[in-house]
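Working notes, structure below.
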Amino acid sequence: MSKKIYISYTDIQNFLNDYFAQNKNTASMFDAVFNLYNYHQYTYQPKELDLPESKLTNVQKFYQKLGQLSIEVTPIIKGIQGKQLHTTISETTFFPKTKDATILLQFQNEKSQMHHHDYFEMNLVLQGQMQATCSNEKMMLKAGDFIIISPYTKHQLHIFEDSIVVCITIRKSTFDEAFFNLLKNDDLISAFFKQNLYSSEQNFLLFSVPINYQLLETIQNIFITAYSITSQANTICCAYISILLSYALQGLTNPETFASHKKNLTNKMATIINLIEEQANTITLGALAQKFNYDKAYLGKLIFKSSGYSFNYLRNYYRIKKSCQLLQFTDHSIAEISNLTGYSSPNHFERCFHQIIKISPSQYRKNNR
C-alpha cells in the first residue's frame, strides 16, 4: 500500500452522526474510517482547502467550508491494531515530519476514552458545548472557552452534536524553537508553556475569550498554512498560532481559572532553565547556583527533579540546538561552531552532536542546506 489514503472530514462526521442516531451510542473515528474504507469512500488525493479570499465571519459557514478537509488515514488502515482506541499517542506518529503544529476539527459524537500524549493540545469551543475531563476533573465548556492541555496530562473530550471545536496541537520537542518569542513574554500563557515544557506533571489552563472577527480570521489562516505544502508554511503557521494566543491573552476574562496539578516546575525554575538555554555556551552550574542563592549540588538535584534532565544534559542539548542553526544558516567551519557553542574541542563537539542528533555535524549541514 504505497499510496496515501484520504477520507473527508464530512464523511467521517456523517458516519459518527448516523451511528449515534441509529444505536444511541457512540462509535470511534477508527470505526468510521474502517467502514468508509471498506465501502470505498476514500481517495488517493487530498482535497484542497477552498476558503474564500475574504475571510468568513460566520462560524457555521466557516465550519461547512472546513468539512471539505481530507484526513490522511493511511496509518490507521495499515495498523493491525487500528480499531483499538489508543491511550498513549506520540508526536512521532501524529505529526507530519515537516510540521511543528497541526489544526483540525474535533469530531462530534465520537467515542473517546482517557488518554495522554507527549505534545501540547489546545481546544477552542466556537459553538455549542464540550465536556472535558482533565486529571479526573470534569468540566463543561461553552462557546468561547479555551483549554490548553500540557503533555502527559490524562484527558478525555466529548463534543456534543451541533458543536464546533477547533483543536490545535504543538510538538513539545520543537516548541522552544518554533515558539521562541512566545516563551520570552511575561504573561499567563507564556508562564504556562514554560512551566510545562520541562515537566511531566499533569496540568491544564482554562479561560474564556471573545469570538470575534480577529479570532476567526486567525484560525482560518492557521488552517490554510497548516495544510499548505509551501516551504515556509510551517513557520507561518506557528506565527499565526502565536497571534491566536496573543488575541486569547488580550481577551482573557478569568485568569483565576488557571488550574495546576502537582506543579513541580515553579516560575523560578522555569527562569533557571530558560537561562541555561540563553547562556548555554558559557553557563556553569556553580555560576547558576550563585546567581539564585542555591547550593550547587542542591540546585543540580532540583533541576533534575523538575525537568527530568541533568544540568549537563540540558546545557549540552541547548548548545547542540544552537549549533544546528549555525550549521544551517552560516558558513562557519565545524571548529568555529564548536568554539562558538562552548565546546573544548571539535572532537568533543562532534561526539556530543552525534549523541543528540544521531548524525555528524557535516552530514546535518549537508541535509539541511
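The values are calculated or read from the model by the stated rules, or taken from the named source; none is laboratory data. In this text the structure is predicted, and so the values were computed from the model without any measurement. So basically every Cβ, Gly included, is an ideal-geometry build from the backbone, and we count neighbours across all protein chains shown. The protein model used for the area step is the full one, side chains on, heavy atoms only, and it has no ligands, DNA or RNA in it. Shrake-Rupley method; radii C 1.70, N 1.55, O 1.52, S 1.80 Å.
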- Charge sum, other residues only, whose C-beta stays under 12 Å from residue 193's C-beta, Lys/Arg counted +1 and Asp/Glu -1: +1
- Which residues' amide hydrogens lie under 5 Å from the amide hydrogen of residue 8, considering only partners 5 or more residues apart or on another chain, with H built in the peptide plane? 71
- Could you give me the ³J(HN,Hα) list for the stretch 11-18, computed from phi with Karplus coefficients 6.51, -1.76, 1.60 and θ = phi - 60°, whole Hz, x at Gly and Pro? 5, 5, 5, 4, 4, 5, 5, 5
- Task: Return one number: the angle in degrees, 0 to 90 and rounded to the nearest 10, between the long axis of the Cα atoms of helix 296-307 and the longest principal axis of the Cα atoms of the chain.
- Result: 10 degrees
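Please give me the summed charge of the neighbours of residue 242: other residues whose Cβ is under 14 Å from its Cβ, Lys and Arg +1, Asp and Glu -1.
With Lys, Arg at +1 and Asp, Glu at -1, the net is -3.
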- Query: How many angstrom lie between the C-alpha centres of the stretch 139-176 and the stretch 178-210?
  - Reply: 14 Å
- Note on the structure: So, with points 7 Å from each Cα along the Cβ direction, the residue 313-residue 156 label distance in nm works out to 3.2 nm
- Note on the structure: Once phi for every residue in the stretch 150-161 is put through the Karplus expression 6.51 cos²θ - 1.76 cosθ + 1.60 (θ = phi - 60°), the whole-Hz ³J(HN,Hα) values, with Gly and Pro written as x, are 6, x, 6, 7, 5, 8, 8, 10, 10, 9, 6, 4
- In degrees, nearest 10, range 0 to 90: what is the angle between the Cα axis of helix 233-250 and the longest Cα principal axis of the chain? 80 degrees
- Message: For the pairs 97/184; 3/142; 4/65, flag any whose C-alpha to C-alpha distance is greater than 31 Å.
- Response: 3/142
- Taking 0.36 nm per residue of separation and subtracting the Cα-Cα distance, what length does fully extending residue 305 through residue 333 add? 6.4 nm
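For 140, 269, 114, what's the largest-to-smallest order of accessible area, 1.4 Å probe?
Sorted by accessible area, descending: 140, 114, 269.
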- Task: Could you work out the local net charge near residue 122, counting Lys and Arg as +1, Asp and Glu as -1, over the other residues with Cβ closer than 14 Å to its Cβ?
- Result: -1
- the chain - percent relative contact order, Cα under 8 Å, separation 6 or more: 12 percent
- Message: How tilted is helix 311-329 with respect to the longest principal axis of the chain? Cα atoms for both, answer in degrees (0 to 90, nearest 10).
- Response: 80 degrees
- Query: So, in nm, how far is label residue 127 from label residue 47 when the simple model puts each one 7 Å beyond its Cα toward the Cβ?
  - Reply: 1.7 nm
- Calculated from DSSP helices alone, with each H run of at least 4 adding -39500 (n - 2.57) and the total divided by the residues of the chain, [θ]222 nm to the nearest 500 comes to -13500 deg cm²/dmol
- Note on the structure: Within the chain, the percent of DSSP beta bridges that are antiparallel, given to the nearest 5, stands at 95 percent
- Message: How far apart, in nanometres, would the label points at residue 22 and residue 235 be if each is projected 7 angstrom from Cα along the Cα-to-Cβ direction?
- Response: 4.9 nm
- Task: Sort out the exposed loop GluC sites (Glu not before Pro) in the chain (DSSP loop, at most 14 other Cβ within 10 Å) and tell me the longest stretch that has none.
- Result: 162-369
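Need one word for the stretch 180-241: rounded, prolate or oblate. Basis is the Cα gyration tensor (sqrt eigenvalues a ≥ b ≥ c); a/c below 1.5 gives rounded, then a/b vs b/c decides.
Details: a/c = 2.22, a/b = 1.42, b/c = 1.56.
Oblate, because a/c is 1.5 or more while a/b does not exceed b/c.
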